[in-house]
Amino acid sequence: TGVFIRELTTLYRAFSAGLPSPLPELPIQYADFSVWQNSYLQGETLKKRLAYWQEALQNLPTLAMPTDHRRPIQQTFNGARESFTLSWELTAGLQQLSRQEGVTLFMMLLAAFQTLLHRYTEQEDIVVGSPIANRNRPELEGLIGFFVNTLVLRTDLSGEPTFQELLQRVREVTLSA
């Protein structure tokens, strides 16, 4: 969306002033990305990736969240959103702890979220899906297209790990995925 808004604004300014498009030619197109990805995921690379995901997704558990009331007979799939803001002080503290433990802030928050899910469900095998931008090449920054990929982040919380131990497990899972 950011790419689209920037380009639309640039074109609007130019065209409303009677000027030609100031946008440079793109070095690659979305189709080039698809071709690159298909050629990359061949042979040994494909075998390694498939083996990793087959093992990671084997016997995937269902998260058994407790409910606070009886569910309706007809399932609606209506959802809700709960927004909140972390204070600057808390954010700074989390960033400092993340650096100290050698993890990213994302990994820190994922570990906290998985801890919460573990406490609600008492399950030790916690699986969370997380979208990633998948724009891992500079040439892709200016392209409009669906590059998002969803990674399955499965963490083992067995053995009552300390939070530092859990952070290292989450780090390993995140980097592997």
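The values are calculated or read from the model by the stated rules, or taken from the named source; none is laboratory data. These numbers come from a predicted model, not from an experiment. Methodologically, a virtual Cβ is constructed for each residue, glycine included, from the backbone with ideal geometry; neighbour enumeration extends over all protein chains shown. These area figures cover heavy atoms from the full protein model, side chains too; ligands, DNA and RNA do not enter into them. Shrake-Rupley method; radii C 1.70, N 1.55, O 1.52, S 1.80 Å.
Rounded if a/c is under 1.5, else prolate if a/b beats b/c, else oblate: with a ≥ b ≥ c from the C-alpha gyration tensor eigenvalues square-rooted, which is the range 93-140?
Cα axes put the range 93-140 in the oblate bin.
Apply the Karplus parameterisation 6.51 cos²θ - 1.76 cosθ + 1.60, with θ equal to phi minus 60°, to every residue of the range 99-104 and state each ³J(HN,Hα) to the nearest whole Hz, in sequence, with x for glycine and proline.
4, 4, 8, x, 10, 7
Loop-only check: which GluC sites (Glu not before Pro) in the range 106-155 are DSSP coil with at most 11 other Cβ within 10 angstrom?
Glu122, Glu141
Whose amide H sits under 5 Å from the amide H of Leu153, counting only residues 5 or more places off or on another chain, with H placed in the peptide plane?
Val128, Gly129, Ser130
Mean-square fluctuation check for the chain, GNM, Cα pairs under 10 Å: which of Leu60, Leu86, Leu151 is largest?
Answer for the Gaussian network model of the chain: Leu86.
To the nearest 0.05, what FRET efficiency results for Leu8 and Ile28 with a Förster distance of 30 Å applied to their C-beta separation?
The formula returns an efficiency of 0.90 here.
Please compute the Kirkwood hydrodynamic radius of the range 77-160 from all pairs of different C-alpha atoms, in Å with one decimal.
Hydrodynamic radius (Kirkwood, Cα pairs) of the range 77-160 is 15.7 Å.
With a 1.4 Å probe and every protein chain kept in, tell me what percent of the accessible surface of the range 1-115 is carbon plus sulfur.
Within the range 1-115, the accessible surface is 58 percent carbon and sulfur.
Order the peptides 88-100, 64-76, 107-119 from the highest to the lowest mean number of other Cβ atoms within 10 Å of their residues.
Averaged packing, sorted descending, gives the order 107-119, 88-100, 64-76.
Compute the accessible area per residue over the chain, keeping the other protein chains in place, probe 1.4 Å, unit Å².
Ligands and nucleic acids excluded, the figure is 77 Å² per residue.
Looking at the range 90-163, send over the antiparallel percent of its DSSP beta bridges, to the nearest 5.
The antiparallel proportion sits near 100 percent.
Indicate the gyration tensor shape class of the range 46-114 (rounded, prolate or oblate), computed on the Cα atoms with a ≥ b ≥ c the square roots of the eigenvalues: a/c under 1.5 is rounded; otherwise a/b larger than b/c is prolate and the rest oblate.
oblate
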